[in-house]
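The values are calculated or read from the model by the stated rules, or taken from the named source; none is laboratory data. Everything numeric in this text was worked out from a predicted model, so none of it was measured. Reconstructed Cβ throughout: ideal geometry from the backbone, glycine too, with neighbour counts over all protein chains shown. Accessible surface is based on the protein model in full, side chains and every heavy atom, while ligands, DNA and RNA are left aside. Shrake-Rupley method; radii C 1.70, N 1.55, O 1.52, S 1.80 Å.
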Amino acid sequence: MFSFEDPFPNVGVVIFHSLEVRQKALSLLREGIPNSEVARRLGVAKGTVGYWKHKERAERGECPGRRSPLCPRCDVRELDAPAYVQLLGLYLGDGHIVRPTAHSSPSLSVTLDDTWPGVQDECEAVMRAVLPDNSVHRVRRTGCQDVKVYSNHLPCLFPQHGPGPKNSRSIALAPWQRELVDAHPWQLIRGLIHSDGCRLTNWTVRTVGGERKRYEYPRYWFTNTSGDIRGLFTDTLDKVGVTWTSCPRGGVPYNISVARRPSVALMDAHVGPKY
């Protein structure tokens with residue numbers, strides 16, 4: 001009897017090997033002899049030997065094929081909750097999930113300015129903590145970088161994903177997300193500030209004793225065109241005792257300000273300037 005094994009079906013070369021040769025090759029492989037040496041001894045192409053080895057492992061259920069990373073939602077894998085909540089804030093601010101037709105998995109990209117390399121590093125760190133079995137990388141663009149990860153489970157982790165911009169659709173937390181945000185509110189605030197916010201120095205002029213004096217004071221500023229995301233931000237500020245005000249520009253309420261000294265001190269303790 002003969003065995004036909006063609007590991008390169010597109011080449012168009014048909015090679016027949018006896019079952020004895022194949023069994024001899026598998027016996028040598030089980031003894032730990034390298035593929036190249038087995039091929040040399042038996043006069044068989046190295047690729048064919050590798051194919052036989054792979055096929056036998058697959059038949060035994062030992063094929064070392066690519067393992068599908070586990071999902072905290074689908075597979076009940078432990079989730080790094082603080083890292084996830086911060087990544088949720090980054091996603092809601094400057095992140096987007098897409099699935100190009102040429103790719104087998106959707107990707108999450110968070111676009112961050114090169115002015116703040118520490119924020120980029122922190123985003124990469126929390127992304128790795130949330131998806132430790134997936135490859136995280138960066139795509140350099142003019143003046144910024146996309147911190148990026150591919151995973152089939154991104155829609156499980158971020159149910160806010162949907163067609164169109166986030167400001168054109170409803171953004172609401174799932175009950176399990178709400179529990180995590182309630183447990184780690186500062187991580188959400190940090191992620192939102194790192195994406196769509198900043199700490200800046202404001203100034204004003206006051207007349208004291210008939211003399212005009214310039215005063216400077218720190219302020220946290222958050223800008224997002226989604227009313228739902230602004231509401232999520234301000235609701236979380238309320239829960240941690242931070243006083244905020246809405247600052248419409250041209251009648252458009254896109255801006256949230258935190259300027260009172262005790263509230264700025266709280267923000268400094270838990271968030272701080274971007275870096």
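Criterion first (open to solvent by 20 Å² or more (accessible area, probe 1.4 Å) and not small (Gly, Ala, Ser)) does LEU173 satisfy it? So LEU173 fits the description; yes. Restricted to the range 50-74, and to residues there that are in a loop (DSSP other than H, G, I, E, B) and over 18 Å from the mean Cα position of the chain (by Cα), the residue that is modelled with the highest pLDDT is ARG60. Taking each residue of the range 158-182 that is touching a residue at least 12 places away in the same chain (Cβ under 8 Å) and looking for partners that are β-branched (Val, Ile, Thr) and open to solvent by 50 Å² or more (accessible area, probe 1.4 Å) with beta-carbon atoms closer than 7 Å, six or more apart or interchain, yields ASN167/THR225. The set of residues in the range 16-33 being surrounded by fewer than 13 Cβ atoms within 10 Å (Cβ to Cβ) and either of a type in the set (Ser, Thr, Tyr) or modelled with pLDDT under 85 (or both) consists of PHE16, SER18, LEU19, SER27, ARG30, GLU31, GLY32.
Close contacts from the range 123-150, counting a first residue that is within 21 Å of ARG77 (Cα to Cα) and polar (S, T, N, Q) and a second that is part of a loop (DSSP other than H, G, I, E, B) and open to solvent by less than 70 Å² (accessible area, probe 1.4 Å), with Cβ to Cβ under 8 Å and a gap of 6+ residues or different chains, come to ASN134/PRO69; ASN134/SER151. Of the residues examined, ASN152 is not one that is in a helix (DSSP H, G or I) and surrounded by fewer than 19 Cβ atoms within 10 Å (Cβ to Cβ).
Every listed requirement among (1) assigned to a strand (DSSP E or B); (2) surrounded by 19 or more Cβ atoms within 10 Å (Cβ to Cβ) is met by LEU180 save one, (1). Right, VAL271: β-branched (Val, Ile, Thr), more than 26 Å from ASP113 (Cα to Cα), in contact with a helix residue (DSSP H, G or I) (Cβ under 6 Å, 6 or more places away or on another chain) and in contact (Cβ under 8 Å) with a residue 24 or more places away in the chain or not? Answer is no for this residue. For first residues located in the range 218-237 and at pLDDT 95 or above, partners that are of a type in the set (Lys, Arg) and surrounded by 20 or more Cβ atoms within 10 Å (Cβ to Cβ) and lie 6+ apart or on another chain with Cβ distances below 6 Å form the pairs ASN224/ARG230; SER226/LYS166. Checking the stated criteria, CYS144 turns out to be surrounded by 15 or more Cβ atoms within 10 Å (Cβ to Cβ), farther than 20 Å from HIS161 by Cβ and not basic (Lys, Arg). May I ask you to verify whether TYR150 is within 26 Å of SER226 (Cα to Cα), at pLDDT 95 or above and either more than 13 Å from the chain's Cα centre (by Cα) or among the aromatic types (Phe, Trp, Tyr) (or both)? For TYR150, the condition - within 26 Å of SER226 (Cα to Cα), at pLDDT 95 or above and either more than 13 Å from the chain's Cα centre (by Cα) or among the aromatic types (Phe, Trp, Tyr) (or both) - is not met. Is there a residue in the range 188-210 that is within 24 Å of SER105 (Cα to Cα) and open to solvent by less than 70 Å² (accessible area, probe 1.4 Å)? There is no residue in the range 188-210 that is within 24 Å of SER105 (Cα to Cα) and open to solvent by less than 70 Å² (accessible area, probe 1.4 Å).
Take ALA125 and decide whether it is aliphatic (A, V, I, L, M), open to solvent by 10 Å² or more (accessible area, probe 1.4 Å), farther than 23 Å from ARG230 by Cα and over 12 Å from the mean Cα position of the chain (by Cα). Answer is no for this residue. Within the range 221-272, the residues that satisfy the criterion of being crowded, with 16+ Cβ neighbours inside 10 Å and assigned to a loop (DSSP other than H, G, I, E, B) are ASN224, SER226, VAL242, TRP244, TYR254, ALA259, VAL271. When restricted to residues that are under 21 Å from LEU90 (Cα atoms) and either polar (S, T, N, Q) or touching a helix residue (DSSP H, G or I) at 6+ places or on another chain (Cβ under 8 Å) (or both), the range 233-245 contains 8.
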